[in-house]
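Data block below; observations after.
The values are calculated or read from the model by the stated rules, or taken from the named source; none is laboratory data. Since the model is a prediction, treat every value here as computed from it, not as a measurement. Virtual Cβ from ideal backbone geometry, glycine too; neighbours counted across all protein chains shown.
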Amino acid sequence: MCKTMIHNMVRSAMCIMSLCAITAIEAFSQYNPTPDSIIKTDKEGRVVNRSYFKYDAQERQTAVEHYTLNKKTGVWGGTYKENAQYDANGNRTQLIVSYWDYDTGKWLDMTRENVAYDVNGRRLSEEAMTWNKQRNAWIGDRKNSCRYIVNGQRAEVFNYQWDDAKVKWIERDATLSEYDDATRQKKSDTHRVWAAGEWQNTRREEYEYDPQNRRLIQTTTMTWTEGKWVPITRFIYTSGSRNEAGQTVVVTQTQNYDATKAVWVNHDKTTTVLDPRGAELINKKEEWNGMGWQVVKIERTEIEYNNNGDRTHEARYRWNGGNDWIGVSSTDKTYSEYADVLSEIRMEWDMAANSWRGVVNVKTDYDDMGNITAEERYKWDKANKVWKRQSKASFVYDTDHNKTSESTSSWNPRKDRWEEFYKGRFEYRIGYDGNIMSQREYLWEKGEWKLVQTVNYN
């Protein structure tokens with residue numbers, strides 16, 4: 001058994017032993033549980049923001065309301081409100097967003113979205129409306145509906161537009177899909193528009209597959225002209241072949257139809273080479289010049305992995321049309337034995353300087369439980385072409401993964417030192433069942449801790 005696997009098993013075992021006592025506490029710092037309310041205070045200790053949340057029996061959020069205090073008038077006003085409904089399968093069927101009307105001191109609906117599903121959870125229709133205060137009525141934004149065939153595949157999609165004069169939805173366009181009964185593969189898509197009181201054909205795609213492996217090998221696009229379908233373009237796909245290095249080669253060729261000569265004419269071709277993990281190594285585009293293929297664009301990517309399969313290096317280059325490759329971007333990462341990212345450096349090519357320049361440089365430390373304990377960021381000095389300190393942050397957690405303190409500092413190059421601009425600590429109130437009941441955030445301000453936020457949970 002490899003060393004990395006052993007360490008991962010030890011870490012997992014440590015996590016399990018810690019979480020057995022209080023399972024729900026771990027969820028707070030890593031995954032936010034469902035709060036009942038969030039109360040924020042200013043530096044003087046005055047409550048200035050309040051948020052309230054409601055949930056159904058399955059802990060799906062059904063309502064949220066946000067309020068803000070006007071410090072000048074001392075009057076509370078709403079800022080944002082949502083109400084949601086769900087069906088028995090957990091699909092959200094309605095969402096109403098409201099805003100605060102300061103003239104009336106009440107919530108007014110702003111947008112409404114209704115979605116319908118069938119018994120199998122497939123979306124049947126979607127409708128979005130906006131409330132028009134001047135008209136005192138709902139105005140349509142978008143609407144679509146779907147019809148499914150027996151095997152669950154979507155057969156028809158209808159899109160509608162809002163008619164202000166008739167104050168109702170009217171048909172706009174539709175797509176009809178046909179499938180092979182035996183293979184269940186899509187055979188065609190027919191696009192239509194509603195005009196002059198009837199559906200009129202506009203465009204059609206037909207699909208062909210390899211009978212052996214069922215891969216898509218060709219897509220033909222046609223247009224409706226003088227009562228019949230006329231070919232325009234077709235895409236020919238060749239995939240699955242492997243080169244000597246064991247890499248997968250995928251070729252997509254585009255041809256245009258010459259209606260005068262009734263023949264297909266080459267237009268362009270794209271060749272993509274993938275490594276055994278599916279990452280793109282080469283992307284080459286060629287165009288047909290009437291006699292042969294001419295290369296117009298090539299991009300290649302250098303990729304390196306460590307023994308665990310983590311991607312440690314990735315550099316993209318673009319062919320300049322001659323004998324040189326021009327850099328595009330590069331990313332280098334290092335990992336811990338647990339696959340945590342310890343450092344990440346991203347660079348991009350500076351065309352003016354004809355060299356790489358920095359974009360992102362981050363170093364990260366973790367504790368034995370996988371929590372981030374420190375992060376330091378660097379910025380690129382263009383003049384000297386070096387990385388310089390920018391900011392750092394440190395975090396402390398309790399044995400249940402709850403963050404108990406945080407400190408953030410920025411680097412002052414003139415004074416050659418770190419200067420802390422945020423320092424916070426967090427307290428938790430735990431219920432008898434081991435779940436978090438509330439969490440408080442304190443800010444270190446002028447030599448004392450000040451409460452800035454309280455989050456209550458159901």
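For the stretch 374-388, what are the residues that are in contact (Cβ under 8 Å) with a residue 24 or more places away in the chain and basic (Lys, Arg)?
Selection gives Lys382, Lys385, Lys388.
For the stretch 304-357, give me each residue that is of a type in the set (Phe, Trp, Tyr) and touching a residue at least 24 places away in the same chain (Cβ under 8 Å).
Passing the criteria: Tyr305, Trp319, Trp325, Tyr335, Tyr338, Trp356.
Just checking, does the stretch 105-121 include any residue being touching a strand residue (DSSP E or B) at 6+ places or on another chain (Cβ under 9 Å), surrounded by 11 or more Cβ atoms within 10 Å (Cβ to Cβ), among the small types (Gly, Ala, Ser) and under 30 Å from Ala155 (Cα atoms)?
Checked the stretch 105-121: at least one residue is touching a strand residue (DSSP E or B) at 6+ places or on another chain (Cβ under 9 Å), surrounded by 11 or more Cβ atoms within 10 Å (Cβ to Cβ), among the small types (Gly, Ala, Ser) and under 30 Å from Ala155 (Cα atoms).
Going by what's in this entry, would Lys285 be described as among the basic types (Lys, Arg), loosely packed, with under 15 Cβ neighbours inside 10 Å and within 30 Å of Ile345 (Cβ to Cβ)?
It is false that Lys285 is among the basic types (Lys, Arg), loosely packed, with under 15 Cβ neighbours inside 10 Å and within 30 Å of Ile345 (Cβ to Cβ).
Note down all Cβ pairs under 8 Å where the first residue falls in the stretch 153-165 and is free of Cβ contacts under 8 Å to residues at least 12 places away in the same chain and in a strand (DSSP E or B), the second is surrounded by 15 or more Cβ atoms within 10 Å (Cβ to Cβ) and not charged (D, E, K, R), and they're at least six residues apart or on different chains.
Short answer, once both residue conditions are applied: Asp163/Trp169.
Specify the residue that is surrounded by the most Cβ atoms within 10 Å (Cβ to Cβ); the eligible residues are those in the stretch 136-146 that are in a strand (DSSP E or B) and over 28 Å from the mean Cα position of the chain (by Cα).
Of everything passing the filter in the stretch 136-146, Trp138 is surrounded by the most Cβ atoms within 10 Å (Cβ to Cβ).
Are any of the residues in the stretch 310-318 in a strand (DSSP E or B) and of a type in the set (S, T, N, Q)?
Yes, the stretch 310-318 contains at least one residue that is in a strand (DSSP E or B) and of a type in the set (S, T, N, Q).
List the strands (runs of 3 or more DSSP E) inside the stretch 172-260, counting only whole elements, that have at least 1 residues being farther than 30 Å from Glu286 by Cβ.
186-195, 198-209, 216-225, 228-242
On the basis of being of a type in the set (Val, Ile, Thr) and at pLDDT below 95, does Val250 make the cut?
yes
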